[in-house]
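The values are calculated or read from the model by the stated rules, or taken from the named source; none is laboratory data. Model, not experiment: these values are computed from the prediction. Glycine gets a Cβ as well: all are built from the backbone with ideal geometry, and neighbour counts include every protein chain shown.
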Amino acid sequence: MALAYLERVPTDRDAFGRKVIAIAGRLGVQPDWLMIVMNFETAGLFKPGYYASSGAVGLIQFTSAGASQVGSTKDALSKLTAIQQLDYVEKYFVSWKAVGKMHSLEDVYTIVFAPAYLGRDPASVIHRKGTAAYAANAPLDRGKKGYITLADIQATIRKYVPSGYVEPTTSVGIGAVALLAGGYWLYQRSKRSTDE
């Protein structure tokens, strides 16, 4: 099955997809989650030089602080290819010590949008009206309450899940079942031989 939104990547699509899969494996997340977030953050363009009205740039909309956190600048990041910028996307997640802590699409997006809020109550207020951060993200305020909550951003990213997408499950595969059964058989066999 193809990655979500891979058809929107304008250049080097296959290499981009392979790199996203590799990065997702190292981060411990589903590759589709990264693709859905990057699709949203780039307005479906997947262009590393895409600047939003907020002034953030790139595949995950690096702010000046975010760019600095990965040892770069917004200008430098904007000049990379999409494949090159993926290295900085990975660095960003690693810099927030998010590896192993993201268990859903919403968690991945929380790290991008408001990393300090990972694991917090969905009712937590992230931005309030009257701040530059609120103004730049006002469309995320569901119900026009005058503040943006974690639940607001989680609901927003969920809207960008492609139709027909099936959320991966964490079920135990047949190989794991066979391994457990084999281990139990060996245990029983060794137990019998010590009882005799």
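Descriptive notes on the structure:
- Evaluating LYS74 against the criteria (1) over 25 Å from ARG13 (Cα atoms); (2) of a type in the set (Lys, Arg); (3) in contact with a Ser or Thr (Cβ under 8 Å, 6 or more places away or on another chain) leaves one unmet condition, (1).
- Taken residue by residue, the range 34-48 has at least one member that is free of Cβ contacts under 8 Å to residues at least 60 places away in the same chain, at positive phi and buried (at least 20 other Cβ atoms within 10 Å of the Cβ).
- Conditions (1) more than 21 Å from LYS47 (Cβ to Cβ); (2) among the hydrophobic types (A, V, I, L, M, F, W, C); (3) surrounded by 16 or more Cβ atoms within 10 Å (Cβ to Cβ): number failed by ILE83: (1)
- Of everything in the range 108-131 that is among the aliphatic types (A, V, I, L, M) and part of a loop (DSSP other than H, G, I, E, B), the residue that is farthest from ASP32 (Cα to Cα) is ALA123.
- Criterion: of a type outside the set (Ser, Thr, Tyr) and not in a helix (DSSP H, G or I) - qualifying residue of LEU77, LEU34, LEU59, LEU86: LEU59
- The set of residues from the range 97-143 being out of contact with any Gly (no Cβ under 9 Å at 6 or more places or on another chain) and charged (D, E, K, R) comprises LYS97, GLU106, ARG120, ASP121, ASP141, ARG142.
- Total residues in the range 89-126, condition touching a strand residue (DSSP E or B) at 6+ places or on another chain (Cβ under 6 Å) and within 20 Å of LYS74 (Cβ to Cβ): 1
- Of note, ARG26 does not satisfy the criterion of being at pLDDT 95 or above, within 21 Å of VAL161 (Cβ to Cβ) and among the charged types (D, E, K, R).
- Meets criteria (in a helix (DSSP H, G or I), touching a Phe, Trp or Tyr at 6+ places or on another chain (Cβ under 9 Å), surrounded by 11 or more Cβ atoms within 10 Å (Cβ to Cβ) and of a type outside the set (D, E, K, R)) for TYR134: yes
- In this structure, VAL57 does not satisfy being β-branched (Val, Ile, Thr) and over 24 Å from TYR134 (Cβ atoms).
- Single residue of the range 137-163 satisfying the filter (under 18 Å from ALA52 (Cβ atoms) and part of a loop (DSSP other than H, G, I, E, B)) that is farthest from the chain's Cα centre (by Cα): ASP141
- Number of positions in the range 61-75 that are more than 19 Å from VAL37 (Cα to Cα), surrounded by 14 or more Cβ atoms within 10 Å (Cβ to Cβ) and of a type in the set (Gly, Ala, Ser): 1
- Any pair with Cβ under 8 angstrom, 6 or more apart, that starts in the range 71-85 at a residue that is under 17 Å from PHE16 (Cβ atoms) and ends at one that is of a type in the set (Asp, Glu) and surrounded by fewer than 14 Cβ atoms within 10 Å (Cβ to Cβ): THR81/ASP12; ALA82/ASP12; ILE83/ASP12
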